[in-house]
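Chemist: Encoded as structure tokens, here's the structure I'll be asking about.
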Amino acid sequence: MKEVNKDVLIDAAHRLLFDMKDEEYDTLLHEFGAILHQLKLVGNIEGVDECTPMTFPFDVTITYLREDEPIKPLTQEEVLMNAQDVKDGQIKLPKVVG
């Protein structure tokens, strides 16, 4: 694994088209150290390599969504009946750009 240092963070920030103050890079570097330490602890758990990685927190074989039912679409006349201002078969809207 590539060593994470301040130069690597600066390079990554420039590639992502943003920059930070030096103290922010130092804070981020410190946080990376804590994250890497925690990952080492997780890697040391007995049997962790035999576990199947979890890709979704819920059982995705069950669907909680309703079934879509076909509907009859509105005709143009029905849509235009609900509009406040109609011109040439289209809904007229107020100008939004000056």
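Chemist: Identify, please: which residue in the stretch 4-14 is assigned to a helix (DSSP H, G or I) and among the aliphatic types (A, V, I, L, M) and is, among those, surrounded by the most Cβ atoms within 10 Å (Cβ to Cβ)?
Modeler: Looking at residues that are assigned to a helix (DSSP H, G or I) and among the aliphatic types (A, V, I, L, M), I get Leu9.
Chemist: Against the condition of a type in the set (Phe, Trp, Tyr) and touching a residue at least 12 places away in the same chain (Cβ under 8 Å), how does Tyr25 come out, does it pass?
Modeler: Against the criterion (of a type in the set (Phe, Trp, Tyr) and touching a residue at least 12 places away in the same chain (Cβ under 8 Å)), Tyr25 qualifies.
Chemist: Only one of Leu28, Leu65 is within 24 Å of the chain's Cα centre (by Cα) and at pLDDT 85 or above; which?
Modeler: Among Leu28, Leu65, only Leu28 is within 24 Å of the chain's Cα centre (by Cα) and at pLDDT 85 or above.
Chemist: Listed residues Pro73, Pro53, Pro94; which is assigned to a loop (DSSP other than H, G, I, E, B) and either among the aromatic types (Phe, Trp, Tyr) or modelled with pLDDT of 90 or more (or both)?
Modeler: Matching residue, one of Pro73, Pro53, Pro94: Pro73.
Chemist: Further question: If we keep just the residues of the stretch 37-93 that are of a type in the set (A, V, I, L, M) and within 30 Å of Glu3 (Cβ to Cβ), which is surrounded by the fewest Cβ atoms within 10 Å (Cβ to Cβ)?
Modeler: Ranking the qualifying residues of the stretch 37-93, first place goes to Met54.
Chemist: Going by what's in this entry, would Leu17 be described as outside any loop (DSSP other than H, G, I, E, B) and either surrounded by 10 or more Cβ atoms within 10 Å (Cβ to Cβ) or at pLDDT 90 or above (or both)?
Modeler: The answer is no for Leu17.
Chemist: Moving to a separate point now. Could you go through the stretch 28-45 and let me know if any residue there is free of Cβ contacts under 8 Å to residues at least 60 places away in the same chain and outside any helix (DSSP H, G or I).
Modeler: yes
The values are calculated or read from the model by the stated rules, or taken from the named source; none is laboratory data. Quick caveat: nothing in here was measured; it's all calculated off a predicted structure. All Cβ positions, even for glycine, are placed from backbone atoms using ideal geometry, and neighbour counts span all protein chains on display.
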